[in-house]
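Reviewing the structure listed below.
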Amino acid sequence: MNNKIIAPLIIVVFGLIVVGKSSLFILNEGRQAIITEFGKPVGEPKTEAGLHFKKPFVQEVRYVDKRILSWDGMPNQIPTKDKKFIKVDTTARYRITDALKFIQTVRNKSGAKARLDTILDSATRNIISSHNLVEAVRNTNAIIDKIKKEKAEIAEKVKNGQNYVEEGVTGEIEKIFTGREQLSQLIVEKADGELSAFGIELIDVQLRRISYEESVEKKVYERMISERQRIAQKIRSIGSGEKAKIEGRLQRDLRRIQSEAYRKAQKIRGEGEAKASAIYAKAFNKGPKFYEFIKSMEVYQSSLKEKTNFIISSDSEFLKHLKGR
């Protein structure tokens, strides 16, 4: 009797479990669900996390992410408005705002990526090719404002007679009117309208990396090297001019010092010779013969050196003080 009751009870419980498992599903945070019946979506998307119900066996659940998702594009070679060929690598963030439309149009993430590849690559190409390269490189004209400030400071230095080296402020830098961030926003505006048809909202697009095409890159490097060499040559030229100024001042100061020293030396020498002449005159007046003898000794000292030969007569006045008396 007990066996006859237990067996049907087990079957009923098992059936209830199967039916309950087929009719209940749990929706996690960060996901939304579409219920389909024989492959056709029915009802509104389920967006609240928790336990939900569906018809058992005939209905299925399709899960769709409602978190912010990322998209990475392939680097594309794009010509800019000023005929520069660059490689642009983009990335974007998006979310699925209409799960039903998303399922009906692109079905899954793979289909969404294919649409994003086509639409975002096309929008990026159109926006980049309609602007100059500098617009995709810089966001603001802050560098131009900085150069203007530096030039104003240099002008003030020149006005005050100060020396300077014009480094880092040579050449003209192109002014931007749009900028990199604004270009990204233009891409979003252009692509968002097309993506909304697939239940996708585009949050933002970033130009992750911009690089020159190989042949253009070589020319850019050559131009950069040439510009640096020009600046270096200008600095060397200014340095040579400063060197010439310093050497000129040095020579002028040296000549002035030498002239002043020569003047003082000549003055001292003249004063000394005058005193010597006065002493000689005084000595001559007191003892003419002694003065004559002293002067003769000085002449002998300066003229009669070792191994010196003279051919003179024995009665020469030059030797009178050496002759015996």
Here the FRET efficiency for ARG67 versus PHE177, based on Cβ atoms and R0 = 51 Å and rounded to 0.05, is 0.90
Per the rule of 0.36 nm per residue minus the C-alpha distance, extending LYS282 to ARG256 adds in nm 5.5 nm
Here, LYS81 and ALA197, labelled 7 Å along Cα→Cβ, have an inter-label distance in nm of 2.8
For GLN206 and SER110, extending 7 Å from Cα along the Cα-Cβ vector and measuring point to point gives, in nm, a value of 2.9
Here the gain from full extension of SER215 to LYS40, 0.36 nm per residue of separation minus their alpha-carbon distance, amounts to 57.6 nm
In whole Hz, the Karplus estimates of ³J(HN,Hα) for the stretch 206-219 (6.51, -1.76, 1.60; θ = phi - 60°; x where Gly or Pro) are 10, 7, 5, 8, 10, 9, 6, 5, 3, 5, 5, 4, 4, 5
Residue separation between ALA274 and GLU247 times 0.36 nm, minus their alpha-carbon distance, gives in nm 5.8 nm
By the mean-Cβ-within-10 Å protection proxy, highest first, 175-187, 73-85 rank as 175-187, 73-85
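Each reported figure results from applying straightforward, stated rules to the coordinates on display, with no laboratory input. Fair warning: this is a prediction, and the values are worked out from it, not measured in the lab. When we count neighbours, we look across all protein chains shown, and the Cβ atoms used for this are built from the backbone with ideal geometry, even at glycine.
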